[in-house]
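Input: a single structure, listed below in structure tokens.
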Amino acid sequence: MFARARWNGCVEFLMNDATSQAASRFIEPLIEKLRRHPKRVVFTEGEDLRILRVAERLVAEQAVVPILLGDRARILGMASDEGINMRFVKVINPASSSDFDLFRARLEKTARYRGRSPSAVAELVGRPHYFGAMMTQYGQADALVGGNLAMPSTLFRAVIHAIKPMPSIPKLFGVTALSAPHLEHFGGNGVLFLADTGLVPDPSVEELATIAVETGKLARHFLGRAPRVALLSHSTKGSAVTEPARRVAAAAVLAREKASAEALDFRIEGELQADVALDPAACEVKLPGNRFKSADVLVFPSLDAAHISMKLLQHCAGAQNFGQFLVGMARPLAQVPRTASEDTLYGTAAAVAVEAIKAHELYPDGEVS
């Protein structure tokens, strides 16, 4: 029994160490960028010790100005009890904020809420997710992180109703970044971007193609090079003649057309089995002469496939997760799971803040046309 306990302890230590290394590999370059260009990140669920500790770390690194939403007295009391330094951390109770009336008036003017009673609109604006989304939309924050204490749909509803969509992306979708430099065949840099991990249950050909191109853009920004994008299937280039495989193959063709039209320099392949997408040796056996090498982006044929794969890699292989990043809205956003570790929250906040740097460069006036 002692030997088994010692063995289990060693395995747990190695997994924790690997996860910590994975987190550092992804986060450190982001923090370096943010020290030169700090951004404001609003956390919609601030009454969470994980968030308080993350806020303290972000301030200590001089990387992010954290904005925490919730009961101010409760948040400050929690910080005091735990000895957490709240210097330079902004804490806002939405209902008593000086921006409350402004946001209520703006929400009342939107088509969705025009005609609703003032009290109903006020009740919505008082919710942290709506208030945080409106802060981000109207320039009071540069990026948003939420979901650490709430169901995903709560955050999704708020951002869809309060933040302007990107006209080039027909449907909101999610991308999760996984870092696992200790694993073989795990992307070119020990990082993989998985999509869609949270929103589109059964994507169409058009939706798969858009997900492939937009996730490639996101990966390029973080990797600093042209990514390799694989659209996954149970089939590799016609090895199985099924409707789902043909759908993925068609999406790959359309994605390449979209990338070419935008003069994007990354490579897109599909339909591919997972081993072909990730392992050069398997690729050589099943596609002799193909120089695709290891994918950086994996686009899944369904939400089930993506989400199950993400959880297996995270919980069984020690991959550190960041995000999911919500793609399709005009502001940098992330929805994190309720089980998120502090490293996940910290890295996700850093990532959306870096996305805000890019967004400011693309849209210096703050608006998407």
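Quick notes on this one:
- Difference of contour (0.36 nm per residue) and Cα-Cα distance, Q62 to D202: 46.2 nm
- Using Cβ point charges alone (K and R +1, D and E -1), the dipole size of the range 166-328 about the Cα centre works out to roughly 280 debye.
- Annotation: the antiparallel percentage among DSSP beta bridges lying fully within the range 166-328 is about 50.
- At an R0 of 51 angstrom, the distance between the Cβ atoms of E184 and K164 translates into a FRET efficiency of 0.75.
- Computed label-point distance, nm, for sites V285 and S239 using a 7 Å Cα→Cβ extension: 0.9 nm
- Over 26 Å [Cα-Cα, the chain], rounded percent: 52 percent
- Longest site-free stretch - the chain; sites: GluC sites (Glu not before Pro), DSSP loop, at most 12 other Cβ within 10 Å: 1-183
- With both residues required to sit in the chain, DSSP beta bridges show an antiparallel share near 35%.
- Net dipole in debye of the chain [+1 Lys, Arg Cβ; -1 Asp, Glu Cβ; about Cα centre; nearest 20]: 460 debye
- For the pair K358 and K311, the difference between a 0.36 nm per residue extended length and the Cα-Cα distance amounts to 14.0 nm.
- Charge dipole of the chain about the Cα centre (unit charges at C-beta), most positive-ward option of P167, L52, S97: S97
- Under a Gaussian network description of the chain, with springs only between Cα atoms under 10 Å, the residue in L208, L326, L102 that fluctuates furthest is L102.
- Virtual spin-label span in nm between R225 and E262, 7 Å along Cα→Cβ: 2.1 nm
- The distance from the alpha carbon centre of the range 102-135 to that of the range 197-255 is 37 Å, rounded to a whole number.
- Net charge dipole, the range 90-181: roughly 300 debye, given to the nearest 20, about the Cα centre with Cβ charges of +1 for Lys and Arg and -1 for Asp and Glu.
- Projecting the Cα atoms of T339, A317, Y138 onto the charge dipole of the chain (Cβ charges, centred on the Cα centre) puts Y138 farthest toward the positive pole.
- When the charge dipole of the chain is built from unit charges on Cβ atoms (+1 for Lys and Arg, -1 for Asp and Glu) and taken about the Cα centre, the candidate among A255, F88, A63 whose Cα reaches farthest toward its positive end is F88.
- Among the listed pairs K171/K258; K171/K217; K171/K293; K217/K286; K39/K311, those whose Cα-Cα separation exceeds 22 Å are K171/K293; K217/K286; K39/K311.
- Cut-off of 10 Å, at most 16 other beta carbons, DSSP loop: longest stretch of the chain lacking such trypsin sites (Lys or Arg not before Pro): 1-86
- The chain: angle of helix 205-223 to the longest principal axis, Cα-based, in degrees nearest 10: 80 degrees
- Hull volume in cubic angstrom per residue (convex hull over the Cα atoms of the range 166-328): 102 Å³
- The range 166-328 - percent relative contact order, Cα under 8 Å, separation 6 or more: 37 percent
Coordinate-derived values only; no laboratory data. Remember, predicted model here, so these are calculated numbers, not experimental data. Every residue, glycine among them, receives a Cβ derived from its backbone with ideal geometry; neighbour counts consider all protein chains shown.
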